[in-house]
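Working notes, structure below.
The values are calculated or read from the model by the stated rules, or taken from the named source; none is laboratory data. From a predicted model like this one, the values you see are computed outputs, not experimental measurements. Using ideal geometry, Cβ is built from the backbone for each residue, glycine included, and neighbour counts are taken over all protein chains shown.
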Amino acid sequence: MNAQFEAMQKQSQENMELMAKSYEALTKGFQEVAKETAEYTKSAYEASTAATEKMMSVKSFDKAIEVQTDFAKSAYEAFMAQANKIGEIYTAAAKDAYKPFEKVMPKAPVAK
């Protein structure tokens, strides 16, 4: 009886350690997402400010359309690049969070 209790206690301790490693990986991933988001927000604000300043200095309607079009294109490209980067960070965080459990989880059979 005592041996069973000790085995259960050991298994519980191992599970807690696995969960702690998993949470640590998730926390690291979320911190990286927050850092990247802050950097993107800063650069997007700076680009918007520069475009506004440029827009204020134009003399013709055609030039204003050109400035706005260039800004919209660069803002879209930057947003898509950032979205891809954030997606990669989330994917890496999920993989890292699952790694501690890979050894204890049985492999699921593949249906044919």
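Tabulated data for the structure shown
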| quantity | calculated |
| --- | --- |
| Members of the range 73-87 that are surrounded by 12 or more Cβ atoms within 10 Å (Cβ to Cβ) and closer than 30 Å to Asn15 by Cα | Ile86 |
| Looking only at the range 18-72, and only at residues there that are surrounded by 12 or more Cβ atoms within 10 Å (Cβ to Cβ), among the charged types (D, E, K, R) and more than 27 Å from the chain's Cα centre (by Cα), the one that is farthest from Gly87 (Cα to Cα) | Lys63 |
| Qualifying residue in the range 1-11 (condition: loosely packed, with under 11 Cβ neighbours inside 10 Å, assigned to a helix (DSSP H, G or I) and modelled with pLDDT of 95 or more) | no |
| Only one of Ala81, Ala25, Ala75 that is in contact with a helix residue (DSSP H, G or I) (Cβ under 7 Å, 6 or more places away or on another chain) and at pLDDT 95 or above | Ala75 |
| Check on Tyr23, aromatic (Phe, Trp, Tyr), in a helix (DSSP H, G or I), farther than 30 Å from Tyr98 by Cα and out of contact with any strand residue (DSSP E or B) (no Cβ under 8 Å at 6 or more places or on another chain) | no |
